[in-house]
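A.B. asks: Dumping the structure here so I can ask a few things about it.
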Amino acid sequence: MTPHPSLFAPLLIASLAVFAWGCWKRLSLISLGQPEDRFNNIGTRIGEMLRYAFGQKRVLAKPFGFNHFIIFWSFLILMVANTEFILNGLFPHTIKLVKLPFELYLPLAFMIDIASLLALAAVTVAALRRIFAPPYPEARTLDAFFILGLIATLMLASFTLNASELAAYMLKSGADPVSFLATARKMMPVSALLAGLLPPLQLEIIHTAAWWAHAVALLAFICYLPISKHMHILTAIPNCFLHRLEKPNTQPREEFTIGNTFGVGQVDRYSWKDLLDSFTCTECGRCQMVCPASITGKPLNPRAVIHDIKVNLLANGAALKKKGTPQIPLIGEDGEGSVSEESIWACTTCGACMEACPVLIEHMPKIIQMRRHLVESEAKFPEELLNLFENMEGRSNPWGIAPSERTKWCSQLDIKQFDRDTTEYLFYVGCAGSFDSRNKHVSVAMAQLLDKAGVSWGILGKEEKCCGDSVRRLGNEYVFDKMARENVAMFIERGVTKVITQCPHCFTTLKNDYRQYGLELEVIHHSELLRNLLQEGRLLLGKTTQEMGTTVFHDSCYLGRHNDVYDAPRAVIEAATGQAPSEMERNRSSAFCCGAGGGRMWMEEHGGERINLTRINEALEQSPDTICVACPYCMTMFEDGLKDAKADYVKVRDVAEVMAEALLH
Amino acid sequence: MLIVVCIKQVPDTTQVQIDPVTNTLVREGIPFIVNPYDTHALEEALRLKDRLGCKIAAISMGPPNAEATLKKALALGIDHAILLSDRVFGGADTLATSTVLAAAIAKLHAEVDEVGLVLCGKQTIDGDTAQVGPGIASRLNYRQLTLVDKIISLDLSAKKIRVSRKLEGRHEIVEAPLPAMLTVVRELNRPRYPKVQMRLAAAEAVVEVWDNKILQLDEQKIGLKGSPTWVSKIFSPERDKGEILGDGYADPAGAAALLIDKLMAKDMLPL
């Protein structure tokens, strides 16, 4: 009953060589990426790794994730058994778990037996799911079934192996089978059960067959791992350790000096971590199931973007290592391995993909890097963006309206200019609040509420400039950089430290993006300020308003997912109407985008269903009288969409308007 | 062959206001832009360069800060940028302006390369005369093809150009020998957007400045002295004040009813 080290050892060495070669081939490609520091705050990183990799936090966010959780932890436990197996194959009878003290061996053997059973059950469930209800149709790959089959083989072989060893021991010791197996069942329930069923005369042959079946399956697994999507077994844990600790709601700055390249048009322009991401993706498809572009039938599929980056890297790696020209373009219509321009422009930068990814892959920054390449290095973009870019650069607002009209919204109001000595807050009105006729009402409501609460505030008036959010998300970093520098310089000169914004896009840009320019502002979204004023008793509601009827709240991506503000707008609505707003099916961190983020506000929506209509239909399921928003872009998308859906009997109101209705009317 | 594009820096007219006292344009704080029609002329030159490989020179007459306009052109890919700037050029009308521009084109022709085409916007958005392009053509004795919305063919060996002119309600196909001066309309093309690399290079580039020491023009024929026309007054046309009907905020339906009555009374609302 001895394994043959003389046969096993060379096979093992060969397998390890294949494994090492596979890993090296891929990991050496990662080193083609650009430098990026992902080793700061090691303590926090370890915590993140424990939470997301070992705790499987994101995996468990979906019911099916439990299945993966079982496979993952079974694997960790079975690593002990497999290490024993390999050592035993090399040095028979020298290293055996059974030689451990009994108090240690007993629970270990029990855990291994149970873990094997759970793993077997889990891979069976996984295979059935893939056959009958795959997460997405293309998930029925040979690759997936092969690995599931391999794991199942490993488990079955391991049971048989243990059972035959138990039975052989029983025969050799001459123990009473009934009492022996009864004791054994407490130790290794599954293997002991099987031991009772094995024919005593064929034990040796069964043992040898099971041993080799296990050996072959294990070695095949080792060889196959690095060349398949199951590479994630190796990369997911480090990927969770290396993820961006701050929310990926900004993009890195670019340095505008002659000779630099801008954005990513060739795969090795990505950072090494971006490339590691591509080898971490398991193609679970959770990103595409939450992506507003994918869901509404646009060409973008975040899973495919990450996959294409990997395929491109594998195809071009050899050439790139020799500083040669890539064989497949990163951006193009060349199928697998290339990302189409259409899909790059379809992204709303809503961040749902990143929120859903169990292994913390950062999709959005990669897409924006490709946009940067298209805009900055090739000047190629959907034609409707030409006006936007020129308006932003020339007149510092998306519509190209004369900057002198920025204060028209408040021409009937008595509003102070911001002054560091006499006003505490700057109310940064934003372009939509200043120029868009519907959103001007929100600005007026805010102004009235601020006065009512006795807040000391002022505006920059005609000197206010666009924050640059849209151009940054659209990849026009050059123009954003100019706008950000000007704004930062003005804020510093004017002594601005505390800013109120009514637009989540201004909010995130001033708060997160301008930090890269050395400006730390205390930025507060108007929903948070209103909530605080209510809590502090500075806004006293004598009555609640019935004007809004039943309300439903829509989370703005840049307020919610990108900045974690979920409760404040809900609290304001509840205080003003006396009732918590109802929730759409997808809410808070899994809310569905209105379709306007990432500069999509200024672009045509081609093909598929309209994103705003999809969201409106979801809102209408709650039969609201009023859809409440906290973002001017969401406001526009809902107002427009409700007309298209012939449902403009439903009102759209910003939280400030809801509050003003209760307080002022 | 050299293509010369004439471009002008103009105030962003959407932001221009007229000083009610002096009746002149208030230019303080008003950003300058490239005259929008000129951007189409520039784009067409760039397309011809992409196709035929010819070189492009952009010239602009204006104060030293008009250099920014030429840098924008450099960022788009022109080969030579020349600013025609001198105090004695100032205050020029269309006649004096075209004299200076024509002299510069003649100099480019003599010193850089044979000029085959001169491209201008159909007019500027500040002066709106549409006379400078034709003025250049007259002074240089080039064929003038105005209001071009399409270059149908350009045959360099036969030295011929065929264009479509956009006239009111019709198009005219015209053929002319080179050299020719074209003024272009917006329908001609969609201007491109500059690449960052080119912008950075343009920012560093030095724009050549030609003053009258270089052009050696008779001072009686240029600038204010050489301008038979001058602007005596600029004003916004008076318009009758409108009338506010009802209260659209408090009673939108009532206000609408008043409007309908009024329009029906004037027989402007056929039912």
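The values are calculated or read from the model by the stated rules, or taken from the named source; none is laboratory data. Every value quoted in this text rests on a predicted model; they were computed, and no experiment measured them. Don't worry about glycine lacking a Cβ; one is built from the backbone with ideal geometry, like all the others, and counts go over all protein chains shown.
A.B. asks: Here is a check on your reading of the model: is residue A:374 within 14 Å of chain B (Cβ to nearest Cβ), closer than 21 Å to residue A:274 by Cβ and in contact (Cβ under 8 Å) with a residue 40 or more places away in the chain?
C.D. replies: yes
A.B. asks: (1) modelled with pLDDT of 95 or more; (2) surrounded by fewer than 19 Cβ atoms within 10 Å (Cβ to Cβ): which one isn't true of residue B:168, the others all being true?
C.D. replies: Condition not satisfied by residue B:168: (1).
A.B. asks: Still on this structure: Just give me the residues in segment A:187-211 being assigned to a loop (DSSP other than H, G, I, E, B) and of a type in the set (A, V, I, L, M), in sequence order.
C.D. replies: Listed by number, the residues that qualify are A:188, A:197, A:198.
The rows are residues; the columns are (1) at pLDDT 95 or above; (2) outside the structural domain of residue A:165 (by TED's automatic domain parsing).
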site: A:187; (1), (2): no, no
site: A:195; (1), (2): no, no
site: A:207; (1), (2): no, no
site: A:219; (1), (2): yes, no
site: A:255; (1), (2): yes, yes
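A.B. asks: When you scan segment A:381-404, how many residues do you find that are farther than 15 Å from residue B:33 by Cα, at the interface with chain B (Cβ under 9 Å from one of its Cβ atoms) and in contact (Cβ under 8 Å) with a residue 12 or more places away in the chain?
C.D. replies: Looking only at that region, the number is 3.
A.B. asks: Which of the helices (runs of 4 or more DSSP H) contained wholly in segment B:36-121 include at least 2 residues that are touching a residue at least 12 places away in the same chain (Cβ under 8 Å) and of a type in the set (Val, Ile, Thr)?
C.D. replies: Per the criteria, B:94-111.
A.B. asks: Would you mind stating whether residue B:103 is at pLDDT 95 or above, crowded, with 19+ Cβ neighbours inside 10 Å, touching a Lys or Arg at 6+ places or on another chain (Cβ under 9 Å) and small (Gly, Ala, Ser)?
C.D. replies: Against the criterion (at pLDDT 95 or above, crowded, with 19+ Cβ neighbours inside 10 Å, touching a Lys or Arg at 6+ places or on another chain (Cβ under 9 Å) and small (Gly, Ala, Ser)), residue B:103 qualifies.
A.B. asks: (1) of a type in the set (Gly, Ala, Ser); (2) surrounded by fewer than 24 Cβ atoms within 10 Å (Cβ to Cβ); (3) farther than 22 Å from residue A:440 by Cα: which one isn't true of residue A:461, the others all being true?
C.D. replies: Result: residue A:461 passes all but (3).
A.B. asks: What is the residue count in segment A:533-573 for residues that are under 30 Å from the mean Cα position of the chain (by Cα) and either over 16 Å from residue A:627 (Cβ atoms) or assigned to a loop (DSSP other than H, G, I, E, B) (or both)?
C.D. replies: 16
A.B. asks: Next question. Which residues, counting only those in segment A:481-525, are part of a strand (DSSP E or B) and within 27 Å of the chain's Cα centre (by Cα)?
C.D. replies: A:501, A:522, A:523, A:524, A:525
A.B. asks: Take residue A:333 and decide whether it is modelled with pLDDT under 95, surrounded by fewer than 24 Cβ atoms within 10 Å (Cβ to Cβ) and acidic (Asp, Glu).
C.D. replies: yes
A.B. asks: Next question. Restricting to segment A:441-480, name every residue that is touching a residue at least 60 places away in the same chain (Cβ under 8 Å), under 37 Å from the mean Cα position of the chain (by Cα) and assigned to a loop (DSSP other than H, G, I, E, B).
C.D. replies: A:465, A:466, A:468, A:474, A:475, A:476, listed by residue number.
A.B. asks: Something else now. Looking at segment B:1-20, which of the residues that are of a type in the set (S, T, N, Q) and under 28 Å from residue B:77 (Cβ atoms) is modelled with the highest pLDDT?
C.D. replies: Ranking the candidates gives B:9 first.
A.B. asks: Let me ask something else about it. With the requirement that a residue be under 26 Å from residue A:534 (Cβ atoms) and charged (D, E, K, R), what does segment A:639-661 give you?
C.D. replies: A:651, A:653, A:654, A:657, A:661
A.B. asks: Now for a separate question. For segment B:179-214: of the residues being among the β-branched types (Val, Ile, Thr) and surrounded by 20 or more Cβ atoms within 10 Å (Cβ to Cβ), which is farthest from the other protein chains (Cβ to nearest Cβ)?
C.D. replies: Residue satisfying both the conditions and the ranking: B:183.
A.B. asks: If we scan segment A:132-144, do we find a residue that is surrounded by 15 or more Cβ atoms within 10 Å (Cβ to Cβ), more than 27 Å from the chain's Cα centre (by Cα) and aliphatic (A, V, I, L, M)?
C.D. replies: Scanning segment A:132-144 turns up no residue that is surrounded by 15 or more Cβ atoms within 10 Å (Cβ to Cβ), more than 27 Å from the chain's Cα centre (by Cα) and aliphatic (A, V, I, L, M).
A.B. asks: If you don't mind, another one. Can you pull out the residues in segment A:480-504 that are crowded, with 23+ Cβ neighbours inside 10 Å and within 14 Å of chain B (Cβ to nearest Cβ)?
C.D. replies: The answer is A:480, and nothing else.
A.B. asks: Also: Kindly evaluate residue A:629 against the criterion of being modelled with pLDDT of 95 or more, within 28 Å of the chain's Cα centre (by Cα) and either surrounded by 21 or more Cβ atoms within 10 Å (Cβ to Cβ) or not polar (S, T, N, Q) (or both).
C.D. replies: yes
A.B. asks: Looking at B:137, B:176, can you tell me which residue is among the hydrophobic types (A, V, I, L, M, F, W, C), under 21 Å from the mean Cα position of the chain (by Cα) and more than 14 Å from every other protein chain (Cβ to nearest Cβ)?
C.D. replies: Step by step, each of B:137, B:176 is checked, and only B:137 is among the hydrophobic types (A, V, I, L, M, F, W, C), under 21 Å from the mean Cα position of the chain (by Cα) and more than 14 Å from every other protein chain (Cβ to nearest Cβ).
A.B. asks: Which of the residues belonging to segment B:252-265 are of a type outside the set (Gly, Ala, Ser) and more than 43 Å from the chain's Cα centre (by Cα)?
C.D. replies: B:252, B:258, B:260, B:261, B:262, B:264, listed by residue number.
A.B. asks: Quick one: residue A:258 ticks every box in (1) more than 14 Å from chain B (Cβ to nearest Cβ); (2) surrounded by fewer than 21 Cβ atoms within 10 Å (Cβ to Cβ) except a single one, so which number is it?
C.D. replies: (1)
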